[in-house]
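The values are calculated or read from the model by the stated rules, or taken from the named source; none is laboratory data. Model, not experiment: these values are computed from the prediction. Glycine also receives a Cβ, built like all others from the backbone with ideal geometry; neighbour counts cover every protein chain displayed. Each accessible area value is taken on the protein alone, full model and side chains, heavy atoms only, with ligands, DNA and RNA left out. Shrake-Rupley method; radii C 1.70, N 1.55, O 1.52, S 1.80 Å.
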Amino acid sequence: MAGGGAPAKAVEPQPHPPKEQLPNISYCITSPPPWPEAILLGFQHYLVMLGTTVIIPSSLVPQMGGGNEEKAKVIQTLLFVAGLNTLLQSLFGSRLPAVIGGSYTFVPTTISIILAGRFSDTSDPVERFKRIMRAIQGSLIVASTLQIVLGFSGLWRNVTRFLSPLSVVPLVSLVGFGLYEFGFPGVAKCVEIGLPQLILVVFVSQYMPHVVKSGKHVFDRFAVIFTVVIVWIYAHLLTVGGAYNGKAQKTQISCRTDRAGLIDAAPWIRVPYPFQWGAPSFDAGEAFAMMMASFVALVESTGAFIAVSRYASATPMPPSILSRGVGWQGVSILVSGLFGTVNGSSVSVENAGLLALTRVGSRRVVQISAGFMIFFSILGKFGAVFASIPAPIIAALYCLFFAYVGAGGLSFLQFCNLNSFRTKFILGFSVFMGLSVPQYFNEYTAINGYGPVHTGARWFNDIVNVPLSSEAFVAGCLAYFLDNTLHRKDSAIRKDRGKHWWDKFRSFKGDSRSEEFYSLPFNLNKYFPSV
C-alpha cells in the first residue's frame, strides 16, 4: 500500500466573524459619491420622507377644521422644518446621515388636543384650526425642553452608557418591525397600485443587479426613482381611464392621483416662518402629555440613530455623541413648535432603511436631500406635485425600509452569546412583550375609542397609553432593565451580552475613526466639547 499517511481531517466550518462596521457599503458617512449621483440619491431621500410629511397633516388638519389650503401650508411648513432640522443634526448633532422628519409617536397626543372640549365653541372652522394649532405649538415648545435638557446636560449619555448589544437588539429591531401596520395594510388600501410597486421595487433592487451586471449599481441604488415613476404613471393612467369612476370615496382617495387637493391649494411661492398661526397657547396637562410623547420619541430615535450609524458603516455611537444628537433633536421639536408643523420631530426610520437599500451612508447625500426639502417647501406648486404621490406607493416602499431597520437590530446578535439561557430569556421576553403589550393597547383603543387607562383627565390617559402603545419603547425599556439587573456583574455574562465589545467605543477621544465620523466641523469641538 503506497503512502501510509492517515486521511486529512475535514476542516470544521467556522462561523462568520463579527464586524464592528458593516462591510460592503459603497460610500460610508465621510466618503460622498460623485455630485451627479449624490444629487439623485438626495432626491430619493426627499421622495421617501414625503410619505410621513404628507400623511400626518392630511389626517390631522381636516380634524382641526382646516381645508386644502391649510393642509398645503402645514405640509410646506413640515417639509421646510424637516430640511432645516436635518441640516442641523448632520452638521452639529450626531453628524450621522439621519433625516429628521415628522413622527407618528406624537399623533395620539395631538389628537387628544384636537378633541379637547375648549375648542368646540368656535364656529368658524379656519379659526378653530388656528386655535388648535396654537395649542399644539405650545405643548411642543414645552415638550422640547425634555430632550434638550437630557441631551445637552449629558444625562442621556449616562443612560446609554449601560446599553449593550443585547439590549440594543429589541430596541432597534422593533423600531423597524414595530411599524408593520404602516406597511402592507397601507399597500392594501389600493392593492392594484400598491402591490405592483412592492413587487417591482423588490425585483429592481434585488434581482436586476444580478441579471444586468453592469458594475455601476444603477438598479439597486436608484430603485426607488425607477419604480415610483413607473407605478405613478400607471396609477395616473388608471385614474384618467376612469377605473375609479363611481367607486367608494375611500377608494378614490387612496387610488386616484388627482384627489390630494394639494396642487390647486398650494401657493406658488411661500416661505414658512415662526408663529405664522399666531402666538402659541399653553396648557399644563397637554404639555405633560406631549412631554411623554417626546420621551417615547427619544427612546425610539435612540434605536434609529444606532441603525443609521450601522448602515452608514460608522463605528458604534459613543454615548456622548448619542446624547448630543438627542439634544439637537430637542431643538428640532422646539423649531417644529415655533413654526407650527402640527407634529413633533424624530429620526426618520424609512430614510434609515433607504441607506441600507442603496448601501450609501454618505452625510453629503442627506444634506442634499435637506436642500430639496427646503427648496420644494418654498416653491409650493412644484413640491405639491411630488406630495401627490398615492400613499399605497409609499407604503410599499415602507415594507422594505422598515424591514431593513429591523434586520439592522438583529445584526447586533453577532456580538452576543446565543447559547446562553440568560440571553435567550432577555431577548425573547422583551421582544414578545414589546409586541404583545402594544397590541393589547391598540386593540382596546380601536374597539372602545379610548385606551385602557380612561380617566377624566385626557392628558393623564395619554401619559400612560402612549408609551405602552409603542413596540420599540416597551421592548427597549424592558430589555435595558433586564440586561442591567439580571446577574450582570458576572464576568462571563459581561461577554455573553457583548459588553466587552461595546465598551471599546464608550469615548471617541483617541479613536481616529470615531473622531472622523462624529467630530464637529469648523473646529467647533474646542468651543462645544462632547457632553
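Read through the list (1) over 23 Å from N343 (Cβ atoms); (2) open to solvent by 40 Å² or more (accessible area, probe 1.4 Å), then give the number of the only condition that E69 fails.
Condition not satisfied by E69: (1).
With (1) in contact with a Lys or Arg (Cβ under 9 Å, 6 or more places away or on another chain); (2) surrounded by fewer than 18 Cβ atoms within 10 Å (Cβ to Cβ) as the list, and P34 as the residue in question, which single condition is left unmet?
Condition not satisfied by P34: (1).
Can you pull out the helices (runs of 4 or more DSSP H) entirely within the stretch 362-479 that have at least 3 residues that are within 24 Å of the chain's Cα centre (by Cα) and either modelled with pLDDT of 95 or more or among the polar types (S, T, N, Q) (or both)? Full working, then the answer.
Details: elements: 363-378, 380-387, 391-410, 421-448, 458-465.
Answer list for the stretch 362-479: 363-378, 391-410, 421-448.
Need pairs with beta-carbon distance below 7 Å; first residue touching a residue at least 40 places away in the same chain (Cβ under 8 Å) and within the stretch 13-27, second assigned to a strand (DSSP E or B) and surrounded by 10 or more Cβ atoms within 10 Å (Cβ to Cβ); sequence gap 6+ or separate chains.
From residues that are touching a residue at least 40 places away in the same chain (Cβ under 8 Å), the pairs are S26/V360; Y27/V360.
I'd like to check something: does the stretch 310-325 contain any residue that is open to solvent by less than 10 Å² (accessible area, probe 1.4 Å), part of a helix (DSSP H, G or I), in contact with a Pro (Cβ under 9 Å, 6 or more places away or on another chain) and more than 27 Å from K250 (Cβ to Cβ)?
Looking through the stretch 310-325, none of the residues is open to solvent by less than 10 Å² (accessible area, probe 1.4 Å), part of a helix (DSSP H, G or I), in contact with a Pro (Cβ under 9 Å, 6 or more places away or on another chain) and more than 27 Å from K250 (Cβ to Cβ).
Among the listed residues P274, P267, identify the single one that is out of contact with any His (no Cβ under 7 Å at 6 or more places or on another chain), modelled with pLDDT of 95 or more and not in a helix (DSSP H, G or I).
On the way: P267 fails: modelled with pLDDT of 95 or more.
Going through P274, P267 in turn, just one is out of contact with any His (no Cβ under 7 Å at 6 or more places or on another chain), modelled with pLDDT of 95 or more and not in a helix (DSSP H, G or I): P274.
Here is a list of conditions, (1) surrounded by 20 or more Cβ atoms within 10 Å (Cβ to Cβ); (2) farther than 30 Å from I29 by Cβ, and S59 meets all of them except one; can you say which number that is?
(1)
Scan the stretch 234-257 and give yes if some residue there is among the aliphatic types (A, V, I, L, M), touching a Leu at 6+ places or on another chain (Cβ under 9 Å) and modelled with pLDDT of 90 or more, otherwise no.
Of the residues in the stretch 234-257, the ones among the aliphatic types (A, V, I, L, M) are 235, 237-238, 240, 243, 248, 253.
Still in the running and touching a Leu at 6+ places or on another chain (Cβ under 9 Å): 243.
The next check asks that each one be modelled with pLDDT of 90 or more; those that pass are none.
Among the residues of the stretch 234-257, not one is among the aliphatic types (A, V, I, L, M), touching a Leu at 6+ places or on another chain (Cβ under 9 Å) and modelled with pLDDT of 90 or more, which makes the answer no.
Scan the stretch 293-307 and tell me whether some residue there is within 19 Å of the chain's Cα centre (by Cα), part of a helix (DSSP H, G or I) and surrounded by fewer than 20 Cβ atoms within 10 Å (Cβ to Cβ). Give the derivation first.
Start the filter on the stretch 293-307 by keeping residues that are within 19 Å of the chain's Cα centre (by Cα), which leaves 293-307.
This time we only want the ones that are part of a helix (DSSP H, G or I), so: 293-307.
With the extra rule that they be surrounded by fewer than 20 Cβ atoms within 10 Å (Cβ to Cβ), the set shrinks to 295.
Yes: one or more hits.
Is it true that G83 is modelled with pLDDT of 90 or more, outside any helix (DSSP H, G or I) and within 21 Å of R270 (Cβ to Cβ)?
Details: modelled with pLDDT of 90 or more: yes; outside any helix (DSSP H, G or I): no; within 21 Å of R270 (Cβ to Cβ): yes.
No; evaluated as a whole, the condition is false for this residue.
Among the residues that make up the stretch 434-446, is at least one of them within 16 Å of S173 (Cα to Cα), open to solvent by 20 Å² or more (accessible area, probe 1.4 Å) and small (G, A, S)?
Yes, because at least one residue in the stretch 434-446 is within 16 Å of S173 (Cα to Cα), open to solvent by 20 Å² or more (accessible area, probe 1.4 Å) and small (G, A, S).
Here are the criteria: (1) of a type in the set (A, V, I, L, M); (2) open to solvent by 30 Å² or more (accessible area, probe 1.4 Å); (3) under 30 Å from V464 (Cα atoms). Tell me which single one V271 does not satisfy.
(3)
Could you grab me the full set of residues in the stretch 219-252 that are of a type in the set (V, I, T), open to solvent by 50 Å² or more (accessible area, probe 1.4 Å) and in contact with a helix residue (DSSP H, G or I) (Cβ under 9 Å, 6 or more places away or on another chain)? Explain how you work it out, then say what you get.
To start, the set of residues in the stretch 219-252 that are of a type in the set (V, I, T) comprises 224-225, 227-231, 233, 239-240, 251.
Okay, now just the ones that are also open to solvent by 50 Å² or more (accessible area, probe 1.4 Å), so 229-230, 233, 240.
Listed by number, the list holds a single entry, I230.
Can you pull out the helices (runs of 4 or more DSSP H) entirely within the stretch 201-257 that have at least 3 residues that are closer than 21 Å to F184 by Cα, of a type in the set (K, R) and touching a residue at least 12 places away in the same chain (Cβ under 8 Å)? Break it down stepwise before answering.
On the way: elements: 208-211, 218-221, 223-240, 249-255.
Helices (runs of 4 or more DSSP H) meeting the threshold: none at all.
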